[in-house]
Amino acid sequence: MSEATAPTSTLMDALDRLANDAFAGRVVRKDLVRQVKVGANVPVYVLEFLLGKYCASDDPAAIATGLQVVNQTLQENFIRPDESEQAKAKLKQKGQHRLIDKVDVRLVASEDKFWAHLSSFGDKYVHISEDVVYKYERLLGGGVWCQLDLLYNADDEEEKKRPFYIRALKPIQVAAFDMDEYLEARQRFTRDEWLDLMTRSIGLEPTHYDLRGKLLATLRLLPMVERNYNLIELGPWGTGKSFIFRESSPNAILISGGKVTVAQLFVNLSSSRVGLLGMWDVVAFDEVAGLEMSDSTVVNMLKDFMESGSFARGKEEVPTEASIVFIGNTSKPHQELVRSAHLFADLPKAMIDPAFLDRLHYYLPGWEAPKLEKRLFTDHFGLVSDYFAEALRQLRKQSQVSAIDSDFALGSHLSARDEKAVRKTVSGLLKILHPHGEWTHGELREYLEFAMEGRRRVKEQLKKLAAHDYAKTAFSYAERDTGHEIWVDVPEQPEEIDPLAEDEAVPSEARAAGSATDDGATRGASVAELIARGEGARVEFKQTARVNLSTKQRDQVIELMVAKSIAGFMNAHGGTLLIGVTDRGEIFGLQKDLKTLGSKQNRDGFELWLTGLLDNMLGPTATSQVSISYEDFPEGSVCRIDVGPGKRPTFVKGGKGEADLYVRLNNSTRLLNTADAVEYVSSHWR
């Protein structure tokens, strides 16, 4: 081995020793990958396939010997495209040769035959057995890096001399994976140690990143571990957005710009060949700004697929588990995009469709990732890429979408699509970081807030594009044990009106209790008129008052939300709460709630329960100021609760003796901290 290729000495730390002990033979020094990659235009997972065979050790001598074998294997079996003719001559001379190359296969219908194309070898007509093609169908969808044995056989009977034959082919991917061993090894790490190992496994050095930076880097793995997950990352160039999808997994394919067709993505009707979405776990679109859809059908089909996880193949519906990723550079700093346009401004025009963008589960802020430089790459041990990729692939079969239900309840502003996105993100993070199924309340809260932030970033931009349809962006969650509601913000959201400043703008006579100005804002309107207006500072909709539609059970957190909304109206300028109406203004009715009332499943029973709830949580004085009525519609009944502005503060009492002040602000009800509450009370009721 030359001095240039000799492995440098890296001082092992505690995490290196733990990783080598827990994953013996499954970890590799990541600096060796960068060292070997020089001059070899192959993905990282291909190099780590070899390094994992010969250099997965903590013994410097064994690493040095293994590195010699890897370099020799690359020298003998990997050819550069400019060496293709020499390789063909060598194959003719020897009769057979082993290569490492990217192989893709196509069917030539006029010949009724499959032909293989070897990228570096440079021949498009290599004989390949149909059995091999059907065994590894990804050969038909963009190509797979393989270790293959080629034969040279010039058949005199062939009209066209096509002498190259694939005798044996093996895709470069992990040969065997034991999930029980993986989970057992994970239990030896703390959460933070495991997060650091995940960061090193994707090639980055965790000591240069804070907790948020490591979690954002890990979020790039979500499409690999969560089925039908839709991710977008836009940001400055040079931050490594596409690296994971191009280099580190044999289960992902990266499409860089260019024209995208229905046949390429979904199905080619003339050949009945399923497209990329049916063959790969992850389909990532790089340089998305330059992406060109062949026609509107592509966008519409992709939109439907991102929602349903299936597409039509002729007359049949084809379900697949492919995740979709959009990656691109921003043309301006994100702060300027927020001020002048929106964070989707650099997407192709065909994609800037609110209904399409609403399918995105997470907007990863690429501007927070530092530009990659040498110091950010790790010189320590991480999991071998193909082994790690297989672990993520196996974990796709599991789901943790209900993990938050025992600890948290999602706020009223999250639509069904928002909730789905948040749950899938939390599920993915849990599968990556806690595949053994153990986590703390604090860790779960951390992942929930990350999930809500990424989805709210999508929603805030949709609000700019279609304000009426996406007005509700005040994302929150409540702790089930305390009932406290916490709001999750995003740095890019527009500045909200301060509740104290808003109150200053209201004339003092209008703030007086029972003012006609405030009371008349909703009391004179019918339920149908209020629904038509939509939610706002004095109108709120709730689909149910007692039942959690996810669990189908009575939920005290849902009941608490009702009390908070009414208190928020009382502490602001009054308003009307409609129960039995969805966020989108559709009549849902009271039937689900009524069925939970025991022996008195009617309006009298509902009103008796509601009055008791408000009496317990707000007090009898506040409850006496509430007017309850009902209105019937063909779809069901709606309970209308008219609330006047209170003459004094109304506090919501918790189960542990605490009392919180909530105020209606714009179209959400917000909890004020102690300092803001004192100031608000002194100014609002002066």
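Considering only C-alpha atoms, what is the centroid distance from the stretch 396-428 to the stretch 434-464, in Å? If you average the Cα positions of each part, the centres end up 8 Å apart. Once you reduce the stretch 75-97 and the stretch 299-360 to the center of their Cα atoms, the two points are 43 Å from each other.
Within straight-line reach of LYS397, meaning a Cα separation under 21 Å, sit the following lysines at least 8 residues removed in sequence or on another chain: LYS420, LYS424, LYS431. The slack in the chain from LEU183 to ARG34, taken as 0.36 nm per residue of separation less the alpha-carbon distance, amounts to 50.8 nm. Qualifying trypsin sites (Lys or Arg not before Pro) in the stretch 610-685, where qualification requires a DSSP coil assignment and no more than 11 other C-beta atoms within 10 Å, comprise LYS656.
Write down, largest first, the equivalent ellipsoid semi-axes of the chain in whole Å, where each equals the square root of 5 times an eigenvalue of the alpha-carbon gyration tensor. Each step should come with its number before you reach the end.
Values: eigenvalues 662, 155, 92 Å².
The three semi-axes for the chain are 58, 28, 21 Å.
Let me make sure I get this right: for the stretch 167-294, a, b and c are the square roots of the gyration tensor eigenvalues over alpha carbons, sorted descending. Under 1.5 in a/c it's rounded, otherwise prolate if a/b > b/c, else oblate. Which is it? Cα axes put the stretch 167-294 in the oblate bin. Under 29 Å of direct C-alpha separation, and excluding same-chain neighbours fewer than eight residues apart, LYS92 reaches these lysines: LYS37, LYS102, LYS113, LYS124, LYS135, LYS160, LYS161, LYS170.
Which GluC sites (Glu not before Pro) from the stretch 97-159 combine a DSSP loop assignment with at most 11 other Cβ atoms within 10 Å? Write out the running numbers ahead of the final one.
Working: sites: GLU111, GLU130, GLU137, GLU157, GLU158, GLU159; in loops: GLU157, GLU158, GLU159.
For GluC sites (Glu not before Pro) across the stretch 97-159 that sit outside H, G, I, E and B with at most 11 neighbouring Cβ atoms in 10 Å, the list reads GLU157, GLU158, GLU159.
The distance linking the stretch 576-608 with the stretch 186-239 is 44 Å (Cα centroid to Cα centroid, whole angstrom). Per-residue Karplus couplings for the stretch 129-142, computed as 6.51 cos²θ - 1.76 cosθ + 1.60 with θ equal to phi - 60°, are listed in order as 5, 4, 4, 5, 4, 6, 6, 10, 5, 5, 4, 7, x, x Hz, Gly and Pro entered as x. Comparing SER629, HIS684, VAL539 along the charge dipole axis of the stretch 499-684, the residue lying farthest to the positive side is SER629, per the Cβ-charge model. Annotation: amide H of VAL126 within the under-5 Å range of ALA116, sequence separation 5 or more or interchain, hydrogens built in the peptide plane.
The three principal axes of the C-alpha atoms in the stretch 499-684 carry coordinate ranges of 45, 39, 27 Å, sorted with the longest axis first. Beyond 21 Å, how much of the Cα-Cα pair distribution for the stretch 81-171 remains, as a whole percent? Pairs farther apart than 21 Å: 25 percent.
Determine the gain in length on full extension of the stretch GLU321-GLN72; use 0.36 nm per residue of separation and subtract their C-alpha separation, reporting nm with one decimal. Numbers along the way, then the final one.
Values: separation 249, 0.36 × 249 = 89.64 nm, distance 3.88 nm.
Between GLU321 and GLN72, full extension yields an extra 85.8 nm.
How high is the relative contact order of the chain, given as a whole-number percent (alpha carbon pairs under 8 Å, six or more residues apart)?
Values: 1214 pairs, mean separation 72.8, N = 686.
Answer for the chain is 11 percent.
Can you list the residues, at least 5 places off or on another chain, whose amide H is less than 5 Å from the amide H of VAL27, using H built in the peptide plane? Result for VAL27 returns VAL384. Protection proxy ranking of 475-486, 26-37, by the mean of other Cβ atoms within 10 Å over each peptide's residues and highest first, is 26-37, 475-486.
Report, in deg cm²/dmol and to the nearest 500, the calculated mean residue ellipticity at 222 nm for the chain, where each DSSP H run with n ≥ 4 adds -39500 (n - 2.57) and the sum is divided by the residue count. Show your work: numbers first, answer last.
Details: 27 runs with 257 residues, N = 686.
Only helices count here, giving -11000 deg cm²/dmol.
What order, most packed first, do the peptides 454-460, 300-306 have when packing is the mean number of other Cβ atoms within 10 Å of each residue?
Details: 454-460: 24.6, 300-306: 19.0.
Going by the mean number of other Cβ atoms within 10 Å, highest first, we get 454-460, 300-306.
Over the stretch 101-257, what is the relative contact order in percent, taking alpha-carbon pairs closer than 8 angstrom and at least six residues apart? Rounded, it is 14 percent for the stretch 101-257.
Where both residues lie in the stretch 246-388, what percent of DSSP beta bridges are antiparallel, nearest 5?
Working: 6 of 18 bridges.
Roughly 35 percent of the beta bridges in the stretch 246-388 run antiparallel, per DSSP.
Read-outs: derived from the displayed coordinates by stated rules, not from any lab. From a predicted model like this one, the values you see are computed outputs, not experimental measurements. Because the Cβ atoms are built from the backbone with ideal geometry, glycine has one as well, and the counts that use them run over all protein chains shown.
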